[in-house]
Ligand SMILES: *Cc1c(COP(=O)(O)O)cnc(C)c1O
């Protein structure tokens, strides 16, 4: 399947999911996760009309950025080691995986402009997953007030590996409720209007529960 065909199918699914809950599909942004594929295939994504590319490893992001440059909006979506921040910070527009103060400090030190960050929350509580516990999230974001180069645009989560729709839905719903609590605090550094949730196998449920950024890899670009 071409990226264009896959994208057309995904857009239909997004429209249907939005219709079910009365949302405008324009409020859902597709981040094409290109971690499985090469720069060539990533270029196909751009040609198909998606400008947002996501990578979960710094070396991959650097390599693709060297080929593609600022034609794309770059999203770092994976676990970010503090020592790698300096290598990617001038290339990324969004970081989806801010989950600890040491990482925030490194971003603050290395960034030359404010970086749009999602705070990653481990809603499901699985020990293998990164992210803050839900109850740690607001105190963490309050601490970020002192950081002039971090803008908390929203919250991000990875749902558990399951096809149990009720479990997925509950996870996404909890993240949305937490996001609304942060938003209601009205902190200047944390508008927290966005929800980064949903991947190839669960993005329609995530959209029904309020996702504004869906991170789609295999369903869009395939995997090598
Ligand atoms: C790989 C990855 C995705 C995309 O996964 P697919 O199931 O292929 O859509 C989304 N988010 C993160 C953080 C990832 O690492």
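Values for this structure:
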{"item": "FRET efficiency, 1/(1 + (r/R0)^6) with R0 35 Å, evaluated for residue 113 and residue 41 via beta carbons", "result": "0.75"}
{"item": "FRET efficiency, residue 19 to residue 73 (Cβ-Cβ, R0 30 Å, nearest 0.05)", "result": "0.65"}
{"item": "Two-decimal Rg to Rh for region 6-91 - Kirkwood Rh, Cα set", "result": "1.04"}
{"item": "Förster radius 25 Å - calculated FRET efficiency between residue 102 and residue 135, Cβ distance, rounded to 0.05", "result": "0.80"}
{"item": "Fully extended contour minus Cα-Cα distance, from residue 82 to residue 163, at 0.36 nm per residue", "result": "25.8 nm"}
{"item": "Calculated over the chain: convex hull of Cα atoms, volume per residue (Å³)", "result": "119 Å³"}
{"item": "GNM result for the chain, Cα springs below 10 Å: residue of 41, 20, 11 fluctuating most strongly", "result": "20"}
{"item": "Antiparallel bridge percentage (DSSP; both residues within the chain; nearest 5)", "result": "0 percent"}
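Every number here is computed from the coordinates shown, using simple stated rules; none is lab data. Bear in mind that the values here come from a model prediction, so they are computed numbers and not experimental data. Quick reminder, even Gly has a Cβ in these numbers, built from the backbone with ideal geometry, and neighbours come from all protein chains shown.
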